[in-house]
Amino acid sequence: MSNILVLNSSVSGEASVSRLLVADAVTELTQRDPNAKVVFRDLAADPLPHLLPSTVAGVRATASTPAEEEARRLSDELIAELRAADTVVIGAPMYNFSIPTTLRAWFDHILRPGVTFRYSEAGPEGLLTGKRVIVVESRGGLYSEGPGQAADFQEPYLRQLLGFAGMTDVTFIRAEKIGFGPEFREQAVADSRAELAKLPA
């Protein structure tokens, strides 16, 4: 039995392409492993608090106040979910050329020195290895090639954040040009579903 952690971050509700394709990815994975345990976390409907001066030590240093201890408890909970997962599915729409702030807040809580990464003389080392990550990216324009590629601060950023924690087996499913009109949206969804169907077991 495998464990799957599913993160959604789109604020678009039923109109969200990333949510639609995340659901397809979960269906594909659970059809292959009907006994898989799936944990869902909706970062848009139930957003995580951003780190503040009153809470940051709970994640980055030693918790000594109630607010810091609460931040540490939440960080522990999120990291435990991630540690337990064999596969992580992330819905990451492109907002202002990058990722939603709610998804960034999740990374702020799970990237913890000495816990999910550490520094050595050889440089930083990610400690959450051996996981498979599937990232569904929805984009209004075309950013995987052509002139728009220079403005893609979404995929390189996600690859860096995941890799920093040791998650290097990452597949990106890109639904692009969805802002060009309904026919482009339909084609982007169809193309992404075809990519999901080809994912290795």
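Read-outs throughout are calculated quantities, based only on the coordinates presented, and are distinct from any laboratory measurement. Values in this document were obtained by computation on a predicted structure and should not be read as measured data. Positions of Cβ are generated from backbone atoms using ideal geometry, with glycine treated the same way; all protein chains shown enter the neighbour counts.
Hull volume per residue, based on the alpha-carbon atoms of the range 109-201 and their convex hull, is 124 Å³.
A DSSP coil position with no more than 10 other Cβ atoms inside 10 Å describes none of the trypsin sites (Lys or Arg not before Pro) in the range 49-93. Using only Cα atoms, locate the centre of the range 20-77 and the centre of the range 115-136, then give the distance between them in Å, rounded to an integer. The range 20-77 and the range 115-136 have Cα centres spaced 17 Å from each other.
Considering helices alone, the calculated mean residue ellipticity of the chain at 222 nm is -11500 deg cm²/dmol, with DSSP H runs of length four and up weighted by -39500 (n - 2.57) and normalised per residue. In loop segments of the range 169-201 as defined by DSSP, the trypsin sites (Lys or Arg not before Pro) with at most 14 further C-beta atoms inside 10 Å of their C-beta are K198. Overall, the chain carries a charge dipole of about 200 debye about its Cα centre when +1 sits on the Cβ of Lys and Arg and -1 on the Cβ of Asp and Glu, all other atoms neutral. Packing-based ranking of 18-29, 118-129 yields 18-29, 118-129, ordered from highest to lowest mean Cβ neighbour count within 10 Å.
Relative contact order of the chain, taken over Cα pairs closer than 8 Å and 6 or more residues apart, is 22 percent.
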